[in-house]
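The values are calculated or read from the model by the stated rules, or taken from the named source; none is laboratory data. Since we're looking at a predicted model, the values are computed, not measured. So basically every Cβ, Gly included, is an ideal-geometry build from the backbone, and we count neighbours across all protein chains shown.
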Amino acid sequence: MTSEKTKTEAKTKMLKISLEKTGLLFEKLSAAGKLYIPVDGAAGASFEKWDGKAGEANKFEMKMSSAHNTVKSAKDVFFPQTEDLMRFRVNGKKIEVTDCSDYLNNSNNSNNSDVARADNSAQNEKTANNIILFGVRACDVKSFEVLDRVFLSEPCDTYYKARRERTVIFSMACAAPRETCFCTSFGIDPSCPEGDVSCIADGKYIYFEIKSEKGERLMSSLSDMSDISDILESIGDSDPESVASRRREIKRRAERLPLSGVSTEPFGAGTTGRYFSSPAWEELSATCLGCGACTFVCPTCQCYDIKDFDTGESVVRYRCWDSCMYSDFTKMSAGQPRLTRLERFRQRFMHKLVYFPENNDGLFSCVGCGRCLASCPVNMNIVKVMKKLGGGAGD
Amino acid sequence: MQRTDRDALVRRAVSLMNDGVCDRVLAWRRGEFSSDVSPGVFTDTESVEKELVRNFFCGANLSKYLISETEKTEKKVLIFLRPCDSYSFNRLLSEHKFNREKVYAVAVGCDGTADIGKLKRKCGALSDIKRRGDKIIAESLYETNEENEENEENEANGAERVFDLEDVLSERCLSCNLKNRADCDEIISDGGRDAVSERFFEVRRIENMSSEERYEFWRGEFSRCIRCNACRDVCPACTCEKCVFSNPSSGVENKAAANSFEESMFHIIRAFHVAGRCTDCGECSRVCPQSIPLHLLNRKLIKDINILYGEYKSGESVSQISPLNSWTENDADPSEVAELLERSRSK
């Protein structure tokens, strides 16, 4: 954890980079770790590993997405949708058990660029296992705090922890939040995201503000690289004011959003009794398909299943995302704990709005990213649930 | 082509409820934004009057909900059927999935629904979308240059964008040409759209790829699959009470989005499973959060069935028999299947 002293020191450290040099920065960053950035694809944006391939006019082919946010969150970087945990092989009277976790022997062997490789060998010692997540929005940075509460509390999930600890997060302030965004309802400031390095772009520059020791370490490892001074500049006298005015503009945009008035006030710890038996669940859940789209695009949903798969030669124990919307979710020898669609639907929203804050000092496990609003096949979502239950029904 | 306006639907729903004929209404419910429409079950006239909506964004096919809704009432369930929905309705009836006596079916016209994903990718943050004739007017929350501030390209533009209807129409609507085929209790309108594109155009394009290209195309599409099962759960032909892939006792239960399975098995198994029953309603592609064009797999099988067993449109009538469930002398002989399909490809 960052001490107060380093926090204050870090605050003064601001750098900037001209927007057209972003590719060059990615090249440097990819030498310091496995770099993921949001890129555009056929189905919208997604976090992808930066490949460093040079295209026309020596510009890099892979560009940062211009979309507001990715269709799925970046949670799979810490918590992949499917992951092998261990492998069992029977050998005579012995059972051989192999740990499949990737973090022990994973090296950063993923770059094609010569420059990156040269820098890499020098940096390898310090940074071989780094993961760098670039361009994470404020809501998603907050979602990592929710995931941390689950995976890092005792008993700690070592698979998650190993990846989480070696990840450096470059957050990015929002520019044009969507009509589906409502992060401000959860006290999140889209103009000033948390993260190890907090970034904000204004059309000409990206400004970097170092927020943690981890961010500080990574940025100082960059400063040893050749040509870095041509890419990263120190900020000028007028820059703090232009950043501040940019933040004000983003805040103003967030305030004008159609869902900015969604209130969390009626929810939180101790409200189970108020909502559990509400007749509203019937109508809300009536056309839910019971698919897992909302849970899988959600940055905070963290349920998984652990299963064994017989490959014929050995048995692989793996885990994969699970969804509380599925009828076989948490099936036990005694049967299913939630037999009807209504009960399963209610569980998901009660968990986010009531049970989670009850067990986690009031922290909601929704960050208002709006992904479920965009992805639900029947357009049913947490905003409609909150308005219906909380009494703030729209026009 | 005729548009059924919302008021006609509301009037019918309210009077059927007041007359005690129906106590549940399956229709479309307005949401937070003009493009945010949900399939809805209405149980009182007040919410019908306030929330029922009929517009360009009513994408959902309501037929499958009859399976559960007809079980919940002693009276009838009112359902509004667009031309394409009527095929699913017939298909479900022919499989005895619900009791026709418990349904009051009303045919409504349709002149197309939006591909909301396409619209959003074109417009970014929407504040409102309206339709004026064959134009779609999308109002953005921002000027274009405001949205591109993080990007090198920076093109100034107004906040209002106008599209031709056909540019933002769902693919299924472009080749529609359907008429309502259900034996409805009442017809408000049975008009549908006229096709502006050929139904098998995309299938043919993929057929004409080399096998390597085709494999790469589908591998790329399926690699995005997150196994949320939305395609299966929305599909009116997928009506198994418990899908084998969600049944822990089946031995083939599968939750993991491991690429080897998604890429080569799940969607293809599903397409074969619904072959001959799929009505090509397009819901699988509409709901996919990862925009995988799943309907093309079904269309390929529909096209092949047409070639091998003669023209067949699943859901055209309740009494029809699927060519895969029957045998006639004119059926293609197994020995000539490959040649027939090959010949059709070059056409």
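Couple of notes before you dig in:
- Subset of the range A:350-395 [more than 23 Å from residue B:116 (Cβ to Cβ) and assigned to a helix (DSSP H, G or I)]: A:350, A:351, A:352, A:353, A:354, A:355, A:356, A:357, A:358, A:359, A:389, A:390
- Residue among A:134, A:170, A:182 that is modelled with pLDDT of 95 or more, touching a Cys at 6+ places or on another chain (Cβ under 6 Å), within 14 Å of another protein chain (Cβ to nearest Cβ) and buried (at least 23 other Cβ atoms within 10 Å of the Cβ): A:170
- The range B:224-263 - residue that is of a type in the set (Val, Ile, Thr) and within 11 Å of another protein chain (Cβ to nearest Cβ) and, of those, nearest to residue A:39 (Cα to Cα): B:226
- Candidate set: the range B:31-46, residues that are of a type in the set (Ser, Thr, Tyr) and more than 8 Å from every other protein chain (Cβ to nearest Cβ); chosen: the one surrounded by the fewest Cβ atoms within 10 Å (Cβ to Cβ): B:45
- Residue list for the range A:309-339, filter: under 22 Å from residue A:99 (Cβ atoms) and surrounded by 11 or more Cβ atoms within 10 Å (Cβ to Cβ): A:309, A:314, A:315, A:316, A:317, A:318, A:319, A:320, A:321
- Evaluation of residue B:48 against (1) farther than 25 Å from residue B:316 by Cβ; (2) part of a loop (DSSP other than H, G, I, E, B); (3) in contact with a helix residue (DSSP H, G or I) (Cβ under 6 Å, 6 or more places away or on another chain) (one fails), failing number: (2)
- Counting only residues that are surrounded by 19 or more Cβ atoms within 10 Å (Cβ to Cβ), more than 22 Å from residue A:370 (Cβ to Cβ) and within 14 Å of another protein chain (Cβ to nearest Cβ), the range B:5-30 holds 4 of them.
- Selection count where residues are touching a Ser or Thr at 6+ places or on another chain (Cβ under 7 Å) and at positive phi, scope the range A:346-395: 3
- Test: residue A:383 is within 11 Å of another protein chain (Cβ to nearest Cβ) and closer than 30 Å to residue B:53 by Cβ: yes
- Selection from the range B:264-295 of residues that are closer than 25 Å to residue B:93 by Cα, within 14 Å of another protein chain (Cβ to nearest Cβ) and either in a loop (DSSP other than H, G, I, E, B) or among the hydrophobic types (A, V, I, L, M, F, W, C) (or both): B:281, B:282, B:284, B:287, B:294
- Note on the range B:197-222: among residues that are more than 22 Å from the chain's Cα centre (by Cα) and in contact (Cβ under 8 Å) with a residue 40 or more places away in the chain, the one that is nearest to residue B:178 (Cα to Cα) is B:207.
- Of the residues making up the range A:6-21, those that are touching a strand residue (DSSP E or B) at 6+ places or on another chain (Cβ under 8 Å) and modelled with pLDDT of 90 or more are A:15, A:16, A:17, A:18, A:19.
- Enumeration of residues in the range B:212-232 that are hydroxyl-bearing (Ser, Thr, Tyr) and at pLDDT 95 or above: none
- Candidates B:93, B:9, B:26: the one that is at pLDDT 95 or above and in contact with a Pro (Cβ under 8 Å, 6 or more places away or on another chain) is B:26.
- Answer residue from the range A:35-46, given it is within 13 Å of chain B (Cβ to nearest Cβ) and assigned to a strand (DSSP E or B) and is surrounded by the most Cβ atoms within 10 Å (Cβ to Cβ) among those: A:38
- Any hit, the range B:68-90, residues being touching a Phe, Trp or Tyr at 6+ places or on another chain (Cβ under 8 Å), touching a residue at least 40 places away in the same chain (Cβ under 8 Å) and not in a strand (DSSP E or B): no
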